[in-house]
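Asks: Below are the structure tokens for one structure; questions will follow.
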């Protein structure tokens, strides 16, 4: 089943986010290699693809996991959590309608 992982950044998280980004992306690449990822990306803090020093306010990942518990465990192990980037992470089932 698909699950949405919706994370909210702490204020001024850009430096920690950039430091943990390679490890974060490596985990997403693994999901991609397994054919389990639907989409993933950050929420820019301003209305721009490249927010520069404004940074990001959070992230969204939609991916396939065996269970809600497995999705939560995966989210809990995210390098952004360990680096203090996220203040809150919500994981919930997701039903894809489009495309």
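Only the coordinates and a few stated rules stand behind these numbers; no lab work does. Here the structure is a predicted model, which is why all the values come from computation and not from measurement. Note that we place each Cβ from the backbone using ideal geometry, even for glycine, and neighbour counts take in every protein chain shown.
Asks: Explain nothing, just the number: relative contact order of segment 2-94, from Cα pairs under 8 Å at least 6 residues apart, as a whole percent.
Replies: 51 percent
Asks: How much FRET efficiency would the formula 1/(1 + (r/R0)^6) give for residue 12 and residue 32, where r is the Cβ-Cβ distance and R0 is 25 Å, rounded to 0.05?
Replies: So the FRET efficiency works out to roughly 0.25.
Asks: Could you work out how far apart the two model spin labels at residue 2 and residue 25 are, taking each label as a point 7 Å from the Cα in the direction of the beta carbon, and quote it in nm?
Replies: For residue 2 paired with residue 25, the spin-label model returns 2.5 nm.
Asks: Just subtract the alpha-carbon distance of residue 49 and residue 77 from 0.36 nm times their residue separation and send over the number in nm, one decimal.
Replies: 7.4 nm is the gain from fully extending residue 49 to residue 77.
Asks: With angles folded into 0 to 90 degrees, how steeply does helix 14-33 sit against the dominant principal axis of the chain? Use alpha carbons for both and round to 10.
Replies: Relative to the chain, helix 14-33 is tipped by roughly 20 degrees.
Asks: Once every DSSP H run of n ≥ 4 in the chain is given -39500 (n - 2.57) and the sum is divided by its residues, what mean residue ellipticity at 222 nm do you get, rounded to the nearest 500 deg cm²/dmol?
Replies: -10000 deg cm²/dmol
Asks: Top mean-square fluctuation among 55, 84, 35, Gaussian network model of the chain, C-alpha springs under 10 Å?
Replies: Maximum among the listed residues: 35.
Asks: Candidates (1) 30, 18, 8; (2) 26, 17, 14; (3) 22, 15, 13; which is the computed semi-axes √(5λ) of the Cα gyration tensor in Å?
Replies: (3)
Asks: Something else: Working out 0.36 nm times the residue gap between residue 69 and residue 97, then minus their Cα-Cα distance, what length gain in nm do you get to one decimal?
Replies: Difference between extended and current length: 7.8 nm.
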